[in-house]
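> Here it is, the structure, as structure tokens.
The values are calculated or read from the model by the stated rules, or taken from the named source; none is laboratory data. Since this is a predicted model, take the numbers as computed values, not measurements. Don't worry about glycine lacking a Cβ; one is built from the backbone with ideal geometry, like all the others, and counts go over all protein chains shown.
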Amino acid sequence: MMAYLLRRLRDAIPILLGVNLLTFTLFFVVNTPDDMAHMHLGAKHVTPQAVAQWKTEHGYDLPLFYNSAHTDIDSVTDTIFFNKSLRMFALDFGAADDGRDIANEIKTRAGPSLAIAVPVFILGLLVNISFALMMVFFRHTYLDGLGVVLAVVLMSISGLFYIIAGQFFIAKLWHWLPISGFATGIDAWRFVLLPVLISVVGGIGSGTRWYRSIFLAEIGKDYVRTARAKGLSESRILFRHVLQNGMIPILTGAVVVLPLLFMGSLLTESFFGIPGLGSYVIDAIQAQDFAIVRAMVFIGAVLYLVGLWLTDIAYSWADPRVRLS
Amino acid sequence: MSVLSVEQLHTRLGKLHLVDGVSLHINAGETFALLGESGCGKSMTALSIMRLLPEVAHISSGQVMLQGEDILQLPESAMRKVRGGKIGMIFQEPMTSLNPVLTVGEQITETLRRHTDTPTKTHHQQAADLLSAVGIPDAVRRLGDYPFQLSGGMKQRVMIAMTLAGNPEVLIADEPTTALDVTIQAQVLRLLREIQQQRGMAMLLITHDLGVVSEMAHQVGVMYAGELVEVAPRDAFFTQPAHPYSQKLFAALPQRNLNKLANITGSVPALDTVFVGCRFASRCDSAFALCHERPPEWTTLGQGHRARCHLLAQAQSVTVTLTPALNTVAAIGSEAVLVVDDLRVHYPLKRVWLSSHTPMLKAVDGVSFSLHGAETLALVGESGCGKTTIGKAILQLQHATAGRVLLDGVDLAALTPRALRQQRAYMQMIFQDPYSSLNPHLRVQVILTEGMQALGMKVDMADLRYLLAQVGLPDDALTRYPHEFSGGQRQRIAIARALAVRPKLIICDEPTSALDVSVQAQIINLLKDLQIKLKVSYLFITHNLPVADYLAHRIAVMYLGRIVEIGRNDEIMQHAAHPYTLALLAAVPSLTRGQGDVRLLSNEIASAAHPPTGCHFHPRCPQAMAICRQQYPRMTQISPTHFVHCHLLSPQ
Amino acid sequence: MMPVVLWTDALIYLLVISMALMLYFQPADGQLREALRRLYQNKMGIITGWILLMFTLLALLDSLHYRPVLPDSPTPQYSIEVMSALDAVLQPLRAHNEKTYSAPLAQHLYVKENVTLANGLVVRDYPRLNIAQTPQPEVSVLLLRGTSWGMAAILLIWLVMRLFHVRHTMGAGSWVLIIVLLGTMLLISLAGHYHILGTDKVGQDVLYSTLKSIRTGLLIGTLTTLIMLPFAVLMGISAGYFGGWLDDVIQYIYTTLNAIPSVLLIAAAVLMMQVYIETHPALFDSSAARTDFRLLFLCIIIGVTNWTGLCRLLRGETLKLRELDYVQAARAFAVSDMRIMLRHILPNLFHLILISVVMDFSGLVLAEAVLSYVGVGVDPAMQSWGNMINAARLEMAREPVVWWPLVAAFSFMFTLVLAANLFADSVRDAFDPKGHA
């Protein structure tokens, strides 16, 4: 197990380095710190002094990779690459443009993000699997046909529409729930309910369709014929044999996104005013705060790799063929 | 009184007549073998009886009487009690027919729970007893195993145990041993026979293999194009098959057959054909006008022996005319075309990072032989013995770990890529599966000329037509695509492709094992004729001893990456020395031996990844001695052409 | 007038031409022809195919750009504004710009203004729309008129076909055409007198904006996959075919790209591009060129985040194909690797590539709207459904609510995406009949 963990870690490092190098190139090589300073200061205030001052304030007044002013180890560490990119491996993200500590901000915002993302994940999985199983149970009937058409229609509707329509009718017109905002503690449910509902409904179309095709593929397999030849009832075949086999791809597919739940959802959080990481990202993009974007890219990559790792574990847990060999 | 009787069963799929008026009767304790080639409707008959047809197919008329009750009329819920309870079924593919994520025990107790009234507490013990009954050692522990942990033969035993759990009165076995190796097939067939006798079950056995029929059946039904053409008691069928199709099937079988194998020209008609006369008429040598006008009725020939044939109705006997084998056997050249010297192919089992010790799979482990001009050497062995890897390594499609391959004295591994390119014209390959060996997107002409162009040969249309004529295909085949041809015709295209570059050596990798018996005979005859005409040498890789015997001059028997015995075909077939060769020969279902008992190998084939110490074969060998466990036997010469690796035959 | 060829125009026409060539010179290979035949027999495939074709025609018209001649100048001078053929066709919709919002088919503006009456009195009232200055016929009259024009057109087509003995059976496609023809006639008859879908905040006709947005949606949906397609195909196939270190490198590349959350990668790249555009204004001679560059760049960057899935799929399939007997046979003939890949591997992956391109389309059209909302979509000056939704969603809080720009954008987008999804299903069924249940 230890060896496995170490191997995973070893595989992850080059990928994180690659991610880092890529973002570094985007942010510091394609456009120099001078360009950024110009943009941030706006056309009116561009004087060489202002640019230099902006760079110093934000720590961009260093060479990119190699600082010839130093001779010791500092020649490598006192550079933009080291300070802005490599330090992220130690989860040191520095400060945002508004001066706030990014790591601290991320810590406080992860909670609200999870409050939305976790219920959406669990509820969505349950709802989609149930609908898919129902459609498979009634396969070759009009009910299944209707379900398929409905799923395609639902997945053809823009996610923005679900949110805007949901907010308009449920919150604005009928006043069932608050339109946006967030509270901590037990009161949170009033603010969480609507975004969760809307996100789940928005995901039903594609989710159901996907799971249905997984179950249908399983139902065509030989072992299902064997189960029928044993005289088992259709519902037992579906719930014992097909569900259990179908859950392997479903679970492993779902587990990848599990760590990314921390990142929250961009649209939902921003529309409902949830102070999570999703809205943090949107605000950062709109304010062109590159430090935050860089930090979130790095965290996203780490979480993705954790997701791959969890997928491996889930696979070996769910599939005896992997678990025991 | 028959336990199961089927009357005038018709099954349709759209326009297709999958089963067309089949009637059969099976008594308790009796085996009815349904014999036929692929697509003749035998499996569909079985699935119709179980009412397990694919959702698009349906039974249009007929009766299936089980102990006097028509089960086609039962509501689905009552039918579920019949399935697994009164009728059990075993399928062809043990690999996919068991649920991969449930343990063996769960899958057996599920049937027990469904079909017996015994308390649930006892089910575990009952399941273990069932496993013991089907010959699985250490049954209690095996209950916790998942199917993937068992070998193919073991899985089929589990399938049988699962079927027995419902205590059925009728057992339907659909090609139960087709996917298994011949030594394992013999074990499973014996098990089925014993169980049937113990329990007095009626068995419907579906097979394409005359040998299996001979060993298992009491009654035989021959199916062709959706209908039964002959029904007979076993002995009558094997002494005097009546229908021309049945006779041809026998004549097409290479079983120490001295005659040329009978060609059944053409292939099985499409299922949507509307038949006017006899369904076999277009392929029948004895067909006359009436055969094309009116479908023949049943003619009774003896006690329980009936056939549908106009000739028989007119009290004429049918005899298939056989051509004696050509005497002009190609003279074997004196020079060795191919010399394989201590060839080894080892794969790393998994990539271990920064580790010097990688476990290796020794697929081929020190194989040496030579092959002369116009000679055929058959490489015989069960799955996983490395025979296909040898073929690929000779062609340099697979990197050899060690050893030499000399083609006409040239060491192929030592050549530069450019020099190897020139040698490629001299050696070619024919593959097992005629469907995956031809690119579906290319016309036959492109398929044939691709190699010639790659090797810088001139392409001449006249040559191509001659090539097609040689393998028995019409000229217009050139502009067509592979999917327009049947399996046998595709194999002919593959042969033509190999011949196009005029090779001296063709490696035939199981070229007939995916084909029906009648088509197999066509291909074998073709290969034999071509050898006589073109003086080409074959390395014929096969698991089928009778085919090897018929076609080859010499036979090499392989076990776990090594040749254990090599000799002339008569030396191997009649005077085999190695216990493994003897066991292989004994395991081949025989038409003549009948249902007598022979000594079978008890164990499973070991894995090449972890070969046993000493002689690889010792765990399965009935005559194993102490030394066999310690030391691999050296080669012993029995005759100038006959060599064997076995301690029993070592001089000391 | 002076023709202007934008980058995306060139690419979209290149795409259309190559598709036409591909269909014309298709290898008489049974499989593609068979698949097209199956597609043609699928009613859903036909209907959605025609709908998509209509959208495509509008987008193609909108991709013929030119700069019109300025009317009142002695020497020929060209307007700085770049127009398209579609703008010329939709001139009636552009003719009457209002001040601000007006509801669909309204005669008055949506907000009150100081209106000077005929008697000189100034009152606060809803002013009459510019389009309603000339006497407006009743909507019902116009509908009737449009319907009769449509009927006449259909009759005419039918007569012409009879005259030339064109044999034709009414299929699903014909019905789609008839409905489209009728709809067009209705629009034509209404458009001169009413804003059918109302006007937006700056008084522009909403129908015009939605129609102009079609090009943006289609471009994002197609160019994105097609720009990266050669890379995905080349890298996927060579990783699977050659294996070894090349495989390791390619796998590393796509795992690394996959590891970055795509919205963030797109955001980062687009932000950087904005900086680049702002610091190099000299490179873009017109605003059309700038928005076009931004659109193309967006396609490329979404493509970069999107190609890894296809690459991985192709790599896996190539791994399987590589072991097939006919590839082994070709190797036994010393056929070169390049030729094996082109002749034996690529044609057998073709259906997967096609299916993946078609399946990706609808997702990309939807993504455009989301990216525009986040602020990293197409240029704000560009007509797109995302920009329309983004601009209109704030008005949902208004009393009474301004709903029509949103509804117009969502329903056009929905029609396109639904048609694309259903068409994708038909394509998949046609090309891969056994591939799924």
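> Can you find even one residue in the range C:292-307 that is out of contact with any strand residue (DSSP E or B) (no Cβ under 7 Å at 6 or more places or on another chain), without any contact (Cβ under 8 Å) to a residue 12 or more places away in the chain, in a helix (DSSP H, G or I) and within 11 Å of another protein chain (Cβ to nearest Cβ)?
Looking for residues that are out of contact with any strand residue (DSSP E or B) (no Cβ under 7 Å at 6 or more places or on another chain), without any contact (Cβ under 8 Å) to a residue 12 or more places away in the chain, in a helix (DSSP H, G or I) and within 11 Å of another protein chain (Cβ to nearest Cβ), one finds none in the range C:292-307, hence no.
> Quick test for you: out of C:V263, C:V270, C:V249, pick the one residue that is within 14 Å of chain A (Cβ to nearest Cβ) and within 22 Å of C:V417 (Cβ to Cβ).
C:V263
> Looking only at residues in the range A:285-297 that are more than 7 Å from every other protein chain (Cβ to nearest Cβ) and surrounded by fewer than 24 Cβ atoms within 10 Å (Cβ to Cβ), which one is farthest from C:Y373 (Cα to Cα)?
Here the residue is A:A291.
> OK, next. Where in the range A:159-256 are there helices (runs of 4 or more DSSP H), lying fully within it, with 3 or more residues that are more than 11 Å from chain C (Cβ to nearest Cβ)?
Answer list for the range A:159-256: A:188-219, A:222-229, A:243-255.
> Scan the range A:68-83 and tell me whether some residue there is outside any helix (DSSP H, G or I), of a type in the set (D, E) and either touching a residue at least 24 places away in the same chain (Cβ under 8 Å) or within 30 Å of A:L197 (Cα to Cα) (or both).
No, there is no match, as no residue in the range A:68-83 is outside any helix (DSSP H, G or I), of a type in the set (D, E) and either touching a residue at least 24 places away in the same chain (Cβ under 8 Å) or within 30 Å of A:L197 (Cα to Cα) (or both).
> I need a count of the residues in the range C:287-326 that are surrounded by fewer than 19 Cβ atoms within 10 Å (Cβ to Cβ), acidic (D, E) and modelled with pLDDT of 90 or more.
1
> Filter the range A:133-149 for residues that are surrounded by 17 or more Cβ atoms within 10 Å (Cβ to Cβ), over 21 Å from B:A57 (Cα atoms) and touching a Leu at 6+ places or on another chain (Cβ under 9 Å) and give the result.
Residues satisfying the conditions are A:L133, A:M135.
> With respect to B:Y435, is the statement that it is touching a helix residue (DSSP H, G or I) at 6+ places or on another chain (Cβ under 9 Å) and either hydroxyl-bearing (S, T, Y) or outside the structural domain of B:M360 (by TED's automatic domain parsing) (or both) true?
yes
> Quick one: in the range B:83-101, which of the residues that are more than 25 Å from the chain's Cα centre (by Cα) and more than 7 Å from chain A (Cβ to nearest Cβ) is nearest to A:N245 (Cα to Cα)?
Among them, the one singled out is B:I87.
> Could you list all residues from the range A:14-67 that are under 32 Å from the mean Cα position of the chain (by Cα), assigned to a helix (DSSP H, G or I) and aliphatic (A, V, I, L, M)?
Those that are under 32 Å from the mean Cα position of the chain (by Cα), assigned to a helix (DSSP H, G or I) and aliphatic (A, V, I, L, M): A:I15, A:L16, A:L17, A:V19, A:L21, A:L22, A:L26, A:V29, A:V30, A:M36, A:A37, A:M39.
> Of everything in the range B:261-294 that's among the hydroxyl-bearing types (S, T, Y) and modelled with pLDDT under 85, which residue is farthest from B:Y245 (Cα to Cα)?
B:T273
> For the range B:474-488: of the residues being within 17 Å of B:T265 (Cβ to Cβ) and surrounded by 21 or more Cβ atoms within 10 Å (Cβ to Cβ), which is farthest from the other protein chains (Cβ to nearest Cβ)?
First, the residues of the range B:474-488 that are within 17 Å of B:T265 (Cβ to Cβ): B:474, B:477, B:485-488.
Restricting the remaining residues to those that are surrounded by 21 or more Cβ atoms within 10 Å (Cβ to Cβ) gives B:477, B:488.
Numbers: B:A477: 14, B:G488: 16 Å.
Among those residues, the one meeting the criterion is B:G488.
> Quick one: A:D98 ticks every box in (1) outside the structural domain of A:V19 (by TED's automatic domain parsing); (2) touching a residue at least 60 places away in the same chain (Cβ under 8 Å); (3) assigned to a helix (DSSP H, G or I) bar one, so which box is it?
Going through the list (1) outside the structural domain of A:V19 (by TED's automatic domain parsing); (2) touching a residue at least 60 places away in the same chain (Cβ under 8 Å); (3) assigned to a helix (DSSP H, G or I), A:D98 breaks only (3).
> All but one of (1) over 29 Å from B:S267 (Cβ atoms); (2) modelled with pLDDT of 90 or more hold for B:Q453; which doesn't?
It fails just one condition, (2).
> Has the range B:114-123 got any residue that is surrounded by 19 or more Cβ atoms within 10 Å (Cβ to Cβ) and assigned to a loop (DSSP other than H, G, I, E, B)?
Within the range B:114-123, none of the residues are surrounded by 19 or more Cβ atoms within 10 Å (Cβ to Cβ) and assigned to a loop (DSSP other than H, G, I, E, B).
> Turning to a different aspect of this structure: Given the criterion in contact with a Gly (Cβ under 6 Å, 6 or more places away or on another chain) and at pLDDT below 90, identify the matching residue among B:A624, B:A608.
B:A608
> If I ask for residues that are touching a His at 6+ places or on another chain (Cβ under 9 Å) and among the hydrophobic types (A, V, I, L, M, F, W, C), which ones from the range B:504-546 would you list?
The one that is touching a His at 6+ places or on another chain (Cβ under 9 Å) and among the hydrophobic types (A, V, I, L, M, F, W, C): B:V517.
> From the residues in the range C:388-408 that are more than 16 Å from C:S102 (Cα to Cα) and hydrophobic (A, V, I, L, M, F, W, C), which one is farthest from the other protein chains (Cβ to nearest Cβ)?
C:L394
> Surrounded by fewer than 17 Cβ atoms within 10 Å (Cβ to Cβ), more than 9 Å from chain A (Cβ to nearest Cβ) and more than 29 Å from the chain's Cα centre (by Cα): is that true of B:L66 in this structure?
No: the conditions fail for B:L66.
> Looking at the range A:114-128 only, could you name the residues that are under 28 Å from C:D360 (Cβ atoms) and either within 14 Å of another protein chain (Cβ to nearest Cβ) or in contact with a Leu (Cβ under 8 Å, 6 or more places away or on another chain) (or both)? Steps first, please.
Looking only at the range A:114-128, we keep the residues that are under 28 Å from C:D360 (Cβ atoms), and these are A:116-117, A:120-121, A:123-125, A:127-128.
Scanning the range A:114-128 gives A:A117, A:F121.
> Going by the conditions given, is B:L189 in a strand (DSSP E or B) and not polar (S, T, N, Q)?
So B:L189 fails the test.
> Under 7 Å between Cβ atoms, at least 6 apart or on separate chains: pull out the pairs that start in the range C:177-205 with a residue that is over 25 Å from C:N387 (Cβ atoms) and end on any residue that is among the basic types (K, R).
Sorted first by the residue in the range C:177-205, then by its partner, the pairs are C:S189/C:R145.
> If we keep just the residues of the range A:134-158 that are outside any helix (DSSP H, G or I) and free of Cβ contacts under 8 Å to residues at least 60 places away in the same chain, which is nearest to the chain's Cα centre (by Cα)?
Within the range A:134-158, the match that is nearest to the chain's Cα centre (by Cα) is A:S158.
> Would you be able to say whether some residue in the range C:98-114 is part of a helix (DSSP H, G or I), at pLDDT below 85 and among the hydrophobic types (A, V, I, L, M, F, W, C)? Break it down stepwise before answering.
To start, the set of residues in the range C:98-114 that are part of a helix (DSSP H, G or I) comprises none.
Within the range C:98-114, none of the residues are part of a helix (DSSP H, G or I), at pLDDT below 85 and among the hydrophobic types (A, V, I, L, M, F, W, C).
> It is to be established whether one or more residues within the range B:136-153 are basic (K, R) and either closer than 27 Å to A:S233 by Cα or surrounded by 20 or more Cβ atoms within 10 Å (Cβ to Cβ) (or both).
Yes; the residues of the range B:136-153 include at least one that is basic (K, R) and either closer than 27 Å to A:S233 by Cα or surrounded by 20 or more Cβ atoms within 10 Å (Cβ to Cβ) (or both).
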